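Colleague: The structure's right below; bear with me while I get my questions together.
The values are calculated or read from the model by the stated rules, or taken from the named source; none is laboratory data. A quick note: this is a predicted structure, and the numbers were derived from the prediction, not measured. A quick note on method: Cβ atoms are made from the backbone with ideal geometry, for glycine too, and the neighbour counts reach across all protein chains shown.
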Amino acid sequence: MAVVGVPVRVAIVNDHPIVVAGVAAVLEPYADRVRVVEIVTGAEVRSEVDVVLYDTFGQAQGDGVDLPTLVDDGRARVVVFSWNTEPDLVERALARGASGYLSKQVTGQEMAWALQQVAAGAELRPQDVGDSSLPEVGAWPGRDRGLTAREAEVLALICAGLTNQEIAERTYLSINSVKTYIRTAYRKIGAGSRSQAVAWAMQHGFRPERVRVLRPTEQDPRSG
């Protein structure tokens, strides 16, 4: 449970190092309010944290999120961080135990505020935080080549071996939307086939990794 006057302890979870590093960088200026103590790719959270921020890039969404495995003892609250904010998807995640659901169009300041609110016991939905007209925050593979977060995520799922139909089911997009994102992504990276797209992606940060980074922290009043 968060303590008044003490920064909220946060773990960021995703299978792609560039994604968790990007989110951590967005929160860095607000370290007096929220402190990233662990970034996790392809593993479970081990540190004692108040909030687990689950980035859905290339991951399960909605009721596919395996919330119980994100923390060992269940004391931390889980916040889903996603570009996909369909109301039904949000409600399914909250019904399965998430305490908050944030759009990737929040600012770093708004994200820090939201994490504080969730740590204090609030339940937040996308409409409670942020401005939907803002650009997406954080980082993702291929951003430097002009890929949008959606295009990059679809490409990451192609690299994972999913078919177009499976990608549509995983992301809750229509099959036509998936095909559109594939076409625009291929054009931006100069790929003419699925195999070429996979080869390019594997060389540009789309390969999931298993990494754990524990951040050194000052003496925490909760540990004494």
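Here's the yes/no breakdown for (1) over 22 Å from residue 29 (Cβ atoms); (2) at pLDDT below 90; (3) buried (at least 16 other Cβ atoms within 10 Å of the Cβ):
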residue: 101; (1), (2), (3): yes, no, yes
residue: 108; (1), (2), (3): no, no, yes
residue: 113; (1), (2), (3): no, no, yes
residue: 136; (1), (2), (3): no, yes, no
residue: 140; (1), (2), (3): no, yes, yes
residue: 151; (1), (2), (3): yes, no, yes
residue: 174; (1), (2), (3): yes, no, no
residue: 179; (1), (2), (3): yes, no, no
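Colleague: Also, I was wondering about something else. Output the residues belonging to the stretch 115-134 that are modelled with pLDDT of 95 or more and among the polar types (S, T, N, Q).
Modeller: 116, 117
Colleague: Next question. So, in the stretch 41-68, how many residues would count as being at pLDDT below 80, over 27 Å from residue 170 (Cβ atoms) and surrounded by 23 or more Cβ atoms within 10 Å (Cβ to Cβ)?
Modeller: 0
Colleague: Going by the conditions given, is residue 161 touching a Pro at 6+ places or on another chain (Cβ under 8 Å) and at positive phi?
Modeller: Working: touching a Pro at 6+ places or on another chain (Cβ under 8 Å): no; at positive phi: yes.
Against the criterion (touching a Pro at 6+ places or on another chain (Cβ under 8 Å) and at positive phi), residue 161 does not qualify.
Colleague: Is it the case that the stretch 19-40 has a residue that's at pLDDT below 90, closer than 21 Å to residue 116 by Cα and aromatic (Phe, Trp, Tyr)?
Modeller: Taking every residue of the stretch 19-40 in turn, none turns out to be at pLDDT below 90, closer than 21 Å to residue 116 by Cα and aromatic (Phe, Trp, Tyr).
Colleague: Please work out which residue is nearest to residue 198 (Cα to Cα), limiting yourself to the stretch 115-127 and to residues that are touching a residue at least 12 places away in the same chain (Cβ under 8 Å) and surrounded by fewer than 18 Cβ atoms within 10 Å (Cβ to Cβ).
Modeller: So the residue we want is 125.
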